[in-house]
Every structure is written in structure tokens, then in C-alpha cells.
1. Going by the conditions given, is R553 among the basic types (K, R), exposed (fewer than 15 other Cβ atoms within 10 Å of the Cβ) and in the same structural domain as R388 (by TED's automatic domain parsing)?
2. Can you run down the residue pairs with Cβ atoms below 6 Å, 6 or more apart or on separate chains, where the first is in region 42-61 and in the same structural domain as K18 (by TED's automatic domain parsing) and the partner is among the hydroxyl-bearing types (S, T, Y)?
3. Where the second residue is of a type in the set (G, A, S) and modelled with pLDDT under 95 and the first is assigned to a strand (DSSP E or B) and lies in region 601-616, which pairs have Cβ atoms under 9 Å and are six or more apart or on separate chains?
4. Could you tell me how many of the residues in region 190-211 are free of Cβ contacts under 8 Å to residues at least 60 places away in the same chain and either among the hydrophobic types (A, V, I, L, M, F, W, C) or crowded, with 19+ Cβ neighbours inside 10 Å (or both)?
5. Which of (1) at positive phi; (2) at pLDDT 95 or above; (3) crowded, with 19+ Cβ neighbours inside 10 Å is the odd one out, the single condition F542 does not satisfy?
6. Would you check which residues across region 450-507 are in contact with a Gly (Cβ under 6 Å, 6 or more places away or on another chain), of a type outside the set (A, V, I, L, M) and under 20 Å from Q339 (Cβ atoms) and list them?
7. I'm told A37 meets every condition in (1) in contact (Cβ under 8 Å) with a residue 24 or more places away in the chain; (2) outside any helix (DSSP H, G or I) except one. Can you identify the failing condition by its number?
8. Any idea which of L405, L459, L373, L356 is crowded, with 16+ Cβ neighbours inside 10 Å, under 30 Å from A290 (Cα atoms) and touching a Lys or Arg at 6+ places or on another chain (Cβ under 6 Å)?
Amino acid sequence: MLDIATFDAARGGNVLYKALAHPPAAEAIRGLYARLAAAGSTVAVYDPVGVAEALALLHPLEEALPLAGVYVQDVREAGARRLGRIARPVTELARSGARAVLVAAYDAGRIAAQAAPWMPPGATVAAPDDAALPPALRTNPRRVLDPLNFATNWAFFRDADGLSTRLVAANYWAGYGGHGVRLWLRLFDAGGHALATWEEALPNGPGGIAIDSRQVRARFGLPEFAGHLFLHAIGTAGHDVVKYVLHVLPRRDGATLSCTHDANPWPADRYAGFPAPRPDERVVVWLENAHPVPIPRGAIGLARMGRGEPVPLREAVPPFGVAALDVAELLPGVAWPAQLELFAGRHIVRPRYEVLRGDRRRIAHANVERTDLAPDPAIPGLGALMGRGFLLPFPVLDRERFRTLVQPTPMATGQADLPLAIEVFAPGGARLARRFLGRLPRDHAVALDLDELLDESALRGTGGHAELLYDFREGGEADGWLHALFRYEDRRSGHAAEASFGAHVYNTILTYKGEPQSYAGPPPGLSTRLFLGLGPAGYRSFAVLIHPTSVPRTAPSDTRLLLHDGAGAVIAETRLGIPASGSAVVRPDRLFAAAALARAGERGYVLVRDGTCRLFGYHGLLDEAGGRFSLDHMFGF
């Protein structure tokens, strides 16, 4: 386990972690250590705010510096172990004999000045500030640990084996006051070597973003690669995460078409929601090392959900490297519908996995398995005020063409069972079916085919949606962190796609522990702002928009579909009313004129906007002639 705080459910991402893990920090801190080592025979560490051990985890101190001791400010910490040594009060620092002092803090000017009378005479004093991001890479040049200085993320990025990747997003920071936004980008190969570093300026308005692996490879003259891309947005406002959609496309004719979305940039202890392979499939988990230190052999392991100890990965992963983990090599004999959990030890960002069957592959992401949640005894009694409470909506695609399966996935270590029901709705909001699924044990292997639940004629030619929700008729506990995997199969071509998501409370003014969730600001979140890219040439984008309702609601949505061009200008608009508990399929090629779509271009997108309710959506690309499609949930901002 990498013992460093990356994310806190109450406070959000740890800015210190992002500052230490930023790729250029590795180079700069190596230089800082070298200067300190050259300044004297021994180096003391002054650790006033508890940063030293996090610094040493990502940038090992003892390997680089001859340490003279560790000194602290809080008298309660004197005598505790820091960096394998007994910490001493800073008032003893002058007697250390050190010729150099590392003040382990960012924005450390005031801290160092206060400690100056207790510094060894003539000692060189330095701090991580001396290795911080240069002002040109900061949104706020005056303060290193401003969260907006680290609007970052990682993207699995590949141009190899006949496949390419295309990352798309929008400059949503412009809507929050961001100006002059640009992206600083660094591409790493699987071995963690930097292949290319560059910047891209974004339109001043809410323009589209597209980064295509084929263009990157051609621009820098690169060989094939399967690595990852570090993204850092500068000049931002409102959000300190880079959200995006990632398409997996064939470089030429091919059978693969798939998509996923952004990785959480905060490595977690565990991830779950991985499917075990069918007999004719391989499941490969992509492990992206987000740190400048290697992942040791055995530090990551894979287990069947709810059964047994994890089987450790036998290979190390290099700094900033990427490794492909074949599930069958670690867990032979474990097959669908069993599911898996990854013991990640905070080494990797949220992993993607690929399911390979014949000449087709589909990509999806796992989710963070929470280790900080306990069952909430209040949830079973919320119905009187919160109605149906936590809902997990997902599309049921047109049953004439597609098969829909759902698998509830335990997503917290405290979830011993999942007391669940499923309800299915027509596009107009009428409930067509309900089934109690029981108290599914943690190690369950249930994947429900919606064909088993619906009449033969239901949702043929239209599609609709379904919702998972808690049902306590036989008891059980809940924590609100309900997740599931959704799998879709084309009955004609055999092509498949899958996605996953978690439950929320929808469309009530009453609030409970941050629900209904808001894009920005406090709950309740009662509005919609979703991104739907148009897709590259040869493909048509689509979305399934769902209007979930935790409490009875009669008014339909008042949804605006705003077609933007690549510069962020709105060039066309149409409106849509989705009934409560209903859904709608959105096809930009059927809603907007061909001339408007051509003007929008490949960086264009549709903004789904609603000020009256919270919609949820899933998006993808269609290749109707080839019987291929992709699907994942949409992102909002």
C-alpha cells in the first residue's frame, strides 16, 4: 500500500498529492535533492506540516540524501517516527550539524522565515517550492497548492495493433470564467518513457477538444505505442479535473468500436466491477502507474469478488509505465458471470479493461471500491420523504436489435449483500415491469438478461430504460454506493459494449448527504449539463437521455439541445420534453440539418441543457452499416 492520502470523500482531491505526483515534479525534485546533497555532507529535514513522508514515498529521500535527522514543529509529534527516525523538536535543529536543510512544505516562505533562528549556521535551506511547477504552468502563479493549479488527469492512449484512440471534450472551464485555457500534455509509452511533450491552446469560449493518437503519432514521428497521456489544463476555473470521452477506433477497416471516459486522477486502494471472461473471451486490465516510482512486484493483486485472497501481480510496473494484466493468468478458471476486484494499493488511476472476443474488443472502466463506507441505518427509512431514494438508471436499447444485461457490482468493502429490485420503464414513463432481485451476496454471480423480465413485444422498436433500487422487504443494509455493470449485445452482428455507473437520488428538493448531487456547488442538483460529441467522419453519435425521479413528478423535462461548433459558438438549437421516469434517444444527425452538422465539424458537440430537472445519459457512436456501436455514460459539468 502506498501510504499517501490521494482523495477524501468530504474534502475532495488532495492537492499536495497532485503536486508531488505531477510528472515534471519528478525531474525537478531530483535536481533539488542533488543541490542539497552537494551543499553539505548531511541534510536535515524540517517537517512542520507532515509532508515529508508523502514526499519520500513518491521521491525517495534516503536513497538521494545523507539524512542528519527529522525535525517537527508540533510538540505532540516529537518522539514519533518519521522517515524511520525519531523526530526531534525544531528547536534542536541548530545542533544537528547539517549543512543543508530541506523544509518539507510547499508555499514555505513564511515557515522557513519563522524557523530561521533555529537553522544550523550557514546551512543551505531549500523547499519543494524550489522544484514546483513553473509559474507558466500554474493557473494561480502566486500559490503553489491552489487546486486549480492541478486540473489534471490521465488517459489510456494507444496507437498500435491497428487501433487508435481519440480523446474528446469541451472547454467547460470557459463557462466558469476560465480564460486563455491551454493544455500541457505529455505522452508516455508502456515503459514510462516520455515520447512527446506539447501544448494545445483551447478556444476562449466553450469550444471542442479533440486529441487523436494518429495525429500525435504523425506529428512527432512516433512508432506504435500503448501507453498513457498526462493532461494538465492551465487557466481553468470551476473544475480541477479534466473530463473527457475516449474512443477506441480502427486505424483502417476493423471490427472494433468502443469508448470509455476519464480516469479519476486520484489512485484508490481498490477497484471493482471487472467482469470475468466468458470461455471465448480474454479480459485484459490496463494498469496505469501514475507515479514517478515503480510499482513493486506483488503490490497489486486480483481476486474474485467476495472470495479468497488476491493473487499478486508477479511483474513490477516502471515509473509512469503501463502494464496489461490478463485476468486468466492470475485467476484461471474464474468465468463470467463471476466478477473481480483489484487490490491496487493507491498505485494506479482508475483502470480500464478490455474484453477481447475474436477480432472485436470493447473497453470500459472499473470503479472505485470504497474502503471508508459503512452501512447507513437511515437509508431503509428514507422512503417516506425521499420516495424511491437512490436510483441507478441505465438504457434498455431497442430489443428488436439489442440484448441488454445488468449485473449489480459490490463497490464498497462493507457491502456484505445488496438488497435490490429492478424496474423497467417505457419511453413515456410507464412502468412495464418490476422484480425483486433478493439480497445478493457479495460473491454473487447474477447477470440479469432483460429478455427474461419483459414481454416479447416490450420495448421493440423503441427501447426504454431500467432502474436498480434498494428493496428491503427481506432486510439487508445499504450505504448509497450502489453500482452495476451494463452489457449490450447486437443480436445480428455480435458486437458488444458495456458501461457502469453508480446510484444517486434524483429530482427532489430534499437533500441527504450530498444528494441529489450537483455539478458545482451544494445539493440539490436539479439541472442538467451533459456533453455529447459529434464523432469523427464515418460515425454517427447518439445518446439515451433518462429522466429518473426519486419522488413522484408529473412535469416533463424542458431540455435544450445546443449544437456547438469547434470554437464554442452555438449554431443550432432544438428542444425536447422527456416525461418523468421516461427516456429519449437523441441522434444529432436526425435533429440538425446536414449543413449545421458540417459547420460544427469533428470538434463540434451537443450540450444537453436543462434548468428544470436532472437528466442522466449514456452516449456512443454508431456504424450502422458495419453493425458496430459503442456506449458509456455521459459526463456533466
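The values are calculated or read from the model by the stated rules, or taken from the named source; none is laboratory data. Please read these numbers as outputs of a predicted model, since none were measured by experiment. Note that each Cβ is placed from the backbone with ideal geometry, even for glycine, and that neighbours are counted across all protein chains shown.
1. No, not satisfied.
2. Within 6 Å, the pairs are A44/S96; Y46/Y71.
3. V608/G636; F616/G636
4. The qualifying residues number 6.
5. (1)
6. Matches in region 450-507: H483, S500.
7. Every condition holds for A37 apart from (2).
8. After ruling out the rest, the residue left standing is L356.
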